[in-house]
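Everything on this sheet refers to the single structure shown next.
Read-outs throughout are calculated quantities, based only on the coordinates presented, and are distinct from any laboratory measurement. These numbers come from a predicted model, not from an experiment. Reconstructed Cβ throughout: ideal geometry from the backbone, glycine too, with neighbour counts over all protein chains shown.
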């Protein structure tokens, strides 16, 4: 009888071998708050960068170069180089690729761009993370799907530049 009990115990131990965790459990991933999750959903992993300053409106600004002088106001015109991309990295516009900066009236810019430009001075450069409510909304435009978060890399070259010759 003792041999039967030892045999059954041994068989049970062999059957249990390999059950349960073989490695220590991984530590729990940090919990992200709702705003961080929304930003990453709108802007991809770049939207979670710690050096972006987020405004209550949802606009995010990452300053890349400070610049000097006076920031543009609503009535001004600006000369800029910029590129616009989506969260997947797809570029939908790029003035640098065309080799020619754009001259734009501040009052004609989408809300997120106009608000972000107020933080730039000539020679400055920033990334603007623009939520749909301050961009193209649910309409979409060109290659930009409705409801998209927009990421613009903007370099302010001049405020109220001399008009370019035709």
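Points worth noting:
- FRET efficiency estimate (nearest 0.05) - Cβ-Cβ, residue 32 to residue 55, R0 22 angstrom: 0.65
- Considering only Cα atoms, the convex hull volume of region 80-132 works out to 95 Å³ per residue.
- Grouping the Cα pair distances of region 32-159 into 10 Å bins from zero gives a pair-distance distribution of 13, 47, 34, 6, 0 percent in increasing distance order.
- Sorted by Cβ density within 10 Å, fewest first, the residues 35, 106: 35, 106
- Relative contact order for region 116-159: 48 percent, from Cα pairs under 8 Å spaced at least 6 residues apart, divided by residue count.
- The relative contact order of region 33-166, computed from alpha carbon pairs under 8 Å that lie at least 6 residues apart in sequence, is 30 percent.
- Residue-span extension gain [residue 100 to residue 75] - 0.36 nm each, minus C-alpha spacing: 6.7 nm
- One decimal place: the segment residue 41-residue 162 gains 39.5 nm when fully extended, by the rule 0.36 nm per residue minus the C-alpha distance.
- Sorted by Cβ neighbour density within 10 Å, fewest at the top, the residues 96, 77, 125: 96, 77, 125
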